Amino acid sequence: MTATQKWLWQGAVAVAAIGLAGAAAAQGYPSKAIRFVITYPTGGGSDYTVRPIAQKLSERWGQPVFVESRPGGSAMIGTDYVAKSPPDGYTLMLSASSEVSMNVVLFKKMPYDPVRDLQPLTLVGTTPPILLAHPSLPVKSVKELVALAKAKPRALSYGSIGTGTPQHFAGELMKTTFGIDMLHVPYKGAAPALIDVIGGHVPLALTAPTVAVPHVKAGRLRALAVTSEKRTGALPDVPTIAESGAPGFDIVQWYAIWMPAKPPKDVFEKIQGELVRIIQSPEYKQRQLEVATDIVGSSAEALGSFQKAQIEKYRKIAISAGINPE
């Protein structure tokens, strides 16, 4: 055997060994508990979206899958934690739109790069933010709200689930579209925002329908509009902002699942395949449809392309709305 043949043979053995190690890693995964991080408080849309997924993963893999809330920092605290975790498959994250797209537009410096430091797994689904009013506010439509806001500049405030979220962008886009001025009150998630609008501490809120629909149906809140281009099946009688005098108005919240970048290929494929099977199951689709989430269950590649397109979309909105990075 020549020196070159020996080197090629040793290289082939090494490649085969790596492949076998990867297959063994996938077969042995998971061998311990998995942490599923959300970047907002428990009780909100992220929590509702991820818990059935975590439960099914635990049932199918025979290991505990814990949902862990790490809110704060415009959803960057939890995201940074995941981005800096080992890419071994034992730390996953359900994101909303902000921490993986909008924050790029809003902040000059971030502790992580959402494109470079996170591995896309799947786009779970999309849901439209919903514009809510406390029943004591004398408005029943977007048209009446605009008239009141123009009559009383800066007298109205609206709560959102946080700075740099689709709800925040929807509120700012409303202001520029209709020529009104309202004060933005950011919260650390949907649950605390809803508590304050139900309690009458803020008159308006833009939040996820996931947790708002029950309060609307119970009469504790009034739904004025949704921010998507089309109406949602969960609240078919609630008009869109687009049909309320702002053609083309279209902002949606979206949920996606990620893991730290550069995971072992076989472990990544095992996780990604299992997630898509759970998300596209009739049981999960029906559960999410009831709270106005349209299920996707995409490929990892499709999620990566979608993320980049969303960053560009919100960069244009920020420029037109005069939102400058902090």
Option label - P(r) over Cα pairs in 20 Å bins from 0, in percent computed here, alternatives (1) 31, 59, 10; (2) 35, 60, 4; (3) 32, 51, 14, 3, 0:
(3)
Return the distance in nm (one decimal) between the two label points of a simple spin-label model at residue 290 and residue 217, each offset 7 Å from Cα along Cα→Cβ.
0.7 nm
Would you calculate the convex hull of the Cα atoms in segment 218-326 and tell me its volume per residue in Å³?
165 Å³
Grab the Cα-Cα distance for residue 308 and residue 150, subtract it from 0.36 nm times how many residues apart they are, and report the gain in nm with one decimal.
53.3 nm
Exposure rule at most 16 other beta-carbon atoms within 10 Å, DSSP loop trypsin sites (Lys or Arg not before Pro): the chain longest free segment:
231-326
Using a 1.4 Å probe over the heavy atoms of the protein chains, calculate the carbon and sulfur portion of the accessible area of the chain as a whole percent.
57 percent
Report, in order of residue number, the helices in the chain meeting two criteria: a C-alpha extent of 27 Å or more along the helix axis, and a mean Kyte-Doolittle hydropathy of at least 0.5; treat each whole DSSP H run as one helix.
3-28
Let me check against my output: what whole-number percent is the relative contact order of the chain, with C-alpha pairs under 8 Å and at least 6 apart?
26 percent
Antiparallel bridges, percent of DSSP beta bridges restricted to the chain (to nearest 5)
55 percent
What is the calculated FRET efficiency for residue 27 to residue 136, with r their C-beta to C-beta distance and R₀ = 51 Å, to the nearest 0.05?
0.30
On a full-extension model of 0.36 nm per residue, what is the gain between residue 107 and residue 157, subtracting their alpha-carbon distance, rounded to one decimal in nm?
15.7 nm
Run the numbers for residue 261 and residue 237: contour at 0.36 nm per residue of separation, minus the present Cα-Cα distance, in nm.
4.4 nm
Per DSSP H run of n ≥ 4, the term is -39500 (n - 2.57); total these for the chain, divide by its residue number, and report the mean residue ellipticity at 222 nm rounded to 500 deg cm²/dmol.
-14000 deg cm²/dmol
Across all Cα atoms of segment 171-248, Rg and the largest Cα-Cα distance (Dmax), in Å, are 12.8, 33
How large is the accessible surface per residue of the chain, computed with a 1.4 Å probe and reported in Å² as a whole number?
44 Å²
Pair-distance profile P(r), taking every C-alpha pair of segment 41-159, with 5 angstrom steps and integer %:
2, 8, 15, 17, 15, 12, 11, 8, 6, 4, 2, 0
Cα-based Rg and Dmax for segment 123-185, where Dmax is the largest Cα-Cα distance (Å):
12.3, 42
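The values are calculated or read from the model by the stated rules, or taken from the named source; none is laboratory data. This structure is a prediction, so every number in the text was calculated from the model and none was measured. Positions of Cβ are generated from backbone atoms using ideal geometry, with glycine treated the same way; all protein chains shown enter the neighbour counts. What goes into the accessible areas is simple: the full protein's heavy atoms, side chains included, and nothing from ligands, DNA or RNA. Shrake-Rupley method; radii C 1.70, N 1.55, O 1.52, S 1.80 Å.
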